[in-house]
Each structure stands twice: as structure tokens, then as C-alpha cells.
1. Take the conditions surrounded by fewer than 10 Cβ atoms within 10 Å (Cβ to Cβ) and at pLDDT below 95 and apply them to residue 86. Does it pass?
2. Within segment 26-38, is there a residue that is exposed (fewer than 13 other Cβ atoms within 10 Å of the Cβ) and either touching a residue at least 60 places away in the same chain (Cβ under 8 Å) or β-branched (Val, Ile, Thr) (or both)?
3. Go through segment 9-87 and tell me which helices (runs of 4 or more DSSP H), entirely inside it, have 1 or more residues that are hydroxyl-bearing (Ser, Thr, Tyr).
4. Looking only at residues in segment 26-42 that are of a type in the set (A, V, I, L, M, F, W, C) and over 11 Å from the mean Cα position of the chain (by Cα), which one is farthest from residue 63 (Cα to Cα)?
5. Among the residues that make up segment 11-19, is at least one of them exposed (fewer than 11 other Cβ atoms within 10 Å of the Cβ), modelled with pLDDT of 90 or more and not small (Gly, Ala, Ser)?
Amino acid sequence: MGVLVQFLTFPLAPVRGVVWVVDKVVEAAERDYYDPEPVQAQLAELERARAEGHIEEEEFERQEDELLARLEESKAYQLRRGAQGGA
């Protein structure tokens, strides 16, 4: 039965291959987007800019809030991934 199913669904193999590639690209993009290290580096750079007087306090707070929200989002994503068994 398994050979018959494989034979009948063989024309769909290119579609399955494209779906697999798209899944891998999405996984890589999510890993990059939810990686906390670049956000932490941006926070450090933002703090440095404020300390050196290159950025006003109001702008600093706005950008800091955005970056902290990204970190929260990253933590939530990592918790979801961990709860799914890293799938």
C-alpha cells in the first residue's frame, strides 16, 4: 500500500520540496528576528549615545521602550518554542 501511495503522490513531490524549503527559511528568519543578542547590543549602544549626549532623553526613552518590547517578545517566543519541545 505504501508504494502505491508514493507512486500516486509522486507528482506532488516538487510542491512538498518547496514547502519544506519555505519552512526552513521561515525558521531561520524567526531565529534571527527573535535572537535577543542584537537587541541587547542596540540597548547598550543606545545607553552609550545617551551617556555621550548624542540623544535626547525623550528619544532615548522611546527607543528603549521599543527595544524592551522586542526583548519581551523574544522571551515569549523562546518560551513558546521550549513548550513545543523546540519544534
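1. Details: surrounded by fewer than 10 Cβ atoms within 10 Å (Cβ to Cβ): yes; at pLDDT below 95: yes.
Here the answer is yes, as residue 86 does meet what is asked.
2. Yes.
3. Filter on segment 9-87 gives 13-33, 57-83.
4. 41
5. Looking through segment 11-19, none of the residues is exposed (fewer than 11 other Cβ atoms within 10 Å of the Cβ), modelled with pLDDT of 90 or more and not small (Gly, Ala, Ser).
The values are calculated or read from the model by the stated rules, or taken from the named source; none is laboratory data. Every value quoted in this text rests on a predicted model; they were computed, and no experiment measured them. Every residue, glycine as well, gets a Cβ built from its backbone with ideal geometry; the counts of neighbours run over all protein chains shown.
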